[in-house]
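*Asks:* Okay, here's the structure, questions in a sec.
Bear in mind that the values in this text are calculations on the coordinates, not laboratory data. What you see is a predicted model, and the numbers here were worked out from it, not measured in a lab. Here the Cβ positions follow ideal geometry from the backbone for every residue, glycine too, while neighbour counts run over all protein chains shown.
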Amino acid sequence: MKIDILTIFPEFFQGPFEHGILSKARQAGLVRIEIRDLRAFTHDRHRTVDDRPFGGGEGMVLKPEPIFECIESLNVASLSERASAQESVVLLSAQGQRFSQAVAGELARLEHMILICGRYEGVDERVGEHLADREISIGDYVLSGGELGAAIIVDAVTRLLPGAVGNENSTRQESFSSATGLMQNGSMSTCSSGGLLDYPHYTRPADFRGMVVPEVLFSGNHEEIRRWRRRTALEKTLRNRPDLLNVATLSEEDKKLLAQIKGKDI
Ligand code: SAM
């Protein structure tokens, strides 16, 4: 996959893509990330990328010309042909569609993703209307710029590319993952999240300052471990993100476990 990031602060990206899975995915050629300095697409002495808003009001707005010219230099397909070209031009915006694991999964199927980072009061609306094919928000809060959001999208998308994570089953079992079913070796996943939060994980030491790892994890009984993991995933989801339970894929066993957790019998 090729990723282009358009920004007025290219130095921002020195670092975020140089560690762990992202660094390995780049080295393995699974993803190529290019940072595009929008000031390189200006034509005045001051390399101006922003201007005052029409109609008055606070702050400055990113001008459309450098953004359009930068995208044109990348030979991106026209809006009508973009989906079939497996390309997407994404505008980072607090007003966009909320980013989620499902959206990350969609983006991971692209050949080419272009991320436009706004700054100041935002980006001239014509970019969102006539150039980008989607606007994405990484959450209901306002950041100073789109760069952090772009880094988050690149991270979440890259780890879903085939080969990026050593054991692909691990991304299928994580929080929010909707996948359920067979592991590669044919056995059932211990706990595909099915849209829930992940279950708790423990490692050595078994007793750390009197905080002990749940006994069941030493039992060697795979069925008991699977049930415990599902139950704790349900508990955590109910406690921290009850909204997910309305859309998660719940089996009959899940419904019973949930009823027990809530102290009811069904
Ligand atoms: N005036 C805008 C508003 O109220 O929605 C906020 C502009 S913000 C200060 C500047 C830039 O940061 C935006 O153009 C966008 O690129 C980025 N940004 C801010 N919050 C974001 C969010 N939640 N998700 C993605 N990008 C965000």
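*Asks:* Apply the Karplus parameterisation 6.51 cos²θ - 1.76 cosθ + 1.60, with θ equal to phi minus 60°, to every residue of the range 74-85 and state each ³J(HN,Hα) to the nearest whole Hz, in sequence, with x for glycine and proline.
*Replies:* 8, 6, 7, 4, 5, 3, 6, 9, 5, 5, 5, 7
*Asks:* Tally Lys/Arg at +1 and Asp/Glu at -1 over every other residue whose Cβ is under 11 Å from the Cβ of ARG98; what's the total?
*Replies:* Net of charged neighbours comes to -2.
*Asks:* Starting at the first residue of the range 39-52, write each ³J(HN,Hα) from the Karplus equation 6.51 cos²θ - 1.76 cosθ + 1.60 with θ = phi - 60°, in whole Hz, x for Gly and Pro.
*Replies:* Rounded to whole hertz, the list is 5, 5, 10, 9, 10, 10, 4, 8, 6, 6, 10, 9, 7, 6.
*Asks:* Using only Cα atoms, find the angle between the long axis of helix 64-73 and the longest principal axis of the chain, and express it within 0 to 90 degrees, rounded to the nearest 10.
*Replies:* The two axes meet at around 80 degrees.
*Asks:* Something else: In the neighborhood of LEU115, defined by Cβ-to-Cβ distances under 15 Å, what is the net charge if each Lys or Arg adds +1 and each Asp or Glu adds -1?
*Replies:* Residues close to LEU115 contribute a combined charge of -4.
*Asks:* If you add up the charges near LEU148, with Lys and Arg at +1 and Asp and Glu at -1, over every other residue whose beta carbon is less than 13 angstrom from its beta carbon, what do you get? Show your work: numbers first, answer last.
*Replies:* Numbers: positive: ARG119; negative: GLU147, ASP155.
Taking every Cβ under 13 Å from that of LEU148, the sum is -1.
*Asks:* List the lysines whose alpha-carbon lies under 20 Å from that of LYS2, not counting same-chain residues fewer than 8 positions away?
*Replies:* Once the sequence-local lysines are set aside, what remains near LYS2 is LYS24.
*Asks:* Among ASP243, ASP155, which comes first, then next, by fewest other beta-carbon atoms within 10 Å? Please list the in-between numbers first.
*Replies:* On the way: ASP243 9, ASP155 16.
Result, fewest neighbours first: ASP243, ASP155.
*Asks:* Which residue, GLU252, GLU81, GLU174, tops the fluctuation ranking in a GNM of the chain built on C-alpha contacts under 10 Å?
*Replies:* Taking springs between Cα atoms under 10 Å, the residue moving most is GLU252.
*Asks:* Another question, then. Provide the per-residue ³J(HN,Hα) series for the range 101-107, in order, calculated from phi with Karplus coefficients 6.51, -1.76, 1.60 and θ = phi - 60°, each as a whole number of Hz, with x at glycine and proline positions.
*Replies:* 4, 5, 5, 4, x, 4, 5
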